[in-house]
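First up is the structure itself, then whatever we jot down about it.
The values are calculated or read from the model by the stated rules, or taken from the named source; none is laboratory data. Just so it is clear, the structure is predicted and the values come from calculations on it, not from any experiment. Neighbour counts are summed over all protein chains in view; Cβ atoms, including those assigned to glycine, are modelled from backbone coordinates with ideal geometry.
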């Protein structure tokens, strides 16, 4: 790596190795081997463009799926979707599949549905504020007990009178403790690096579980994209760079790069569609 640009090393630490590899590929295409040094496009501008491209790729292809859980509340039928959740593919309430529906269907099939109180059977996303989901009927069970901790050296050993619980670690202050005993089939995703191990957690039966595509918050989400598709991100980034109103503007190159990027988007989207078709016909 060239050391002519004092910001390259700093910039590299902000990115995953996959994204930094694309950064070097793009800088080589722009005839700035080793890093962006001429000032025609800065590292921060590249970072912003990469964020837009990664977000666009994941949103269009829906190639990455994640599980998101929020606790159910008794008598509350509307819940806010997590910021990273895009389109919902499937939802579960109390570990049981619930069907997608609409306000029109509910209103015409049973006008009293807004006042019903039972185990949720369906969900809808229309006629509610953006990024919210509404359940029908209203839940009659309480969700998990949430335990949040910062950096510490102790160990949460037990809960009293609680079957459902969720342990959340502050990602900026990992701890040194150890969680013991896992019972059932809980889903665990560690937000930060820690020094302990997770074991013996009772799975929650009071969660609203949503499975859907990921909306990234920064370009480091490139690590979630299969390596065979990461090459197309380079073309997406370059197409935007060559479309900028600057000395790098080149409409012919921008058109070519956009076509190659669209090829990757269409291919990934087609593969995901085939997966769903195969599952539906199984």
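Observations, loosely collected:
- Summed over the stretch 47-62, residues that are touching a helix residue (DSSP H, G or I) at 6+ places or on another chain (Cβ under 6 Å), under 17 Å from residue 213 (Cβ atoms) and crowded, with 20+ Cβ neighbours inside 10 Å total 3.
- Given (1) assigned to a loop (DSSP other than H, G, I, E, B); (2) at pLDDT below 90, number of the condition residue 277 does not satisfy: (1)
- Residues of the stretch 36-46 satisfying the condition of being under 29 Å from the mean Cα position of the chain (by Cα) and buried (at least 17 other Cβ atoms within 10 Å of the Cβ): 41, 43, 46
- Filtered by the rule that a residue be modelled with pLDDT under 90, touching a strand residue (DSSP E or B) at 6+ places or on another chain (Cβ under 7 Å), in a loop (DSSP other than H, G, I, E, B) and surrounded by 15 or more Cβ atoms within 10 Å (Cβ to Cβ), the stretch 120-150 gives 143, 144.
- Residue that is at pLDDT 85 or above and out of contact with any strand residue (DSSP E or B) (no Cβ under 8 Å at 6 or more places or on another chain), where the choices are 93, 50: 50
- Among the conditions (1) crowded, with 18+ Cβ neighbours inside 10 Å; (2) not assigned by TED's automatic domain parsing to the domain that holds residue 265, the only one that residue 82 does not satisfy is (1).
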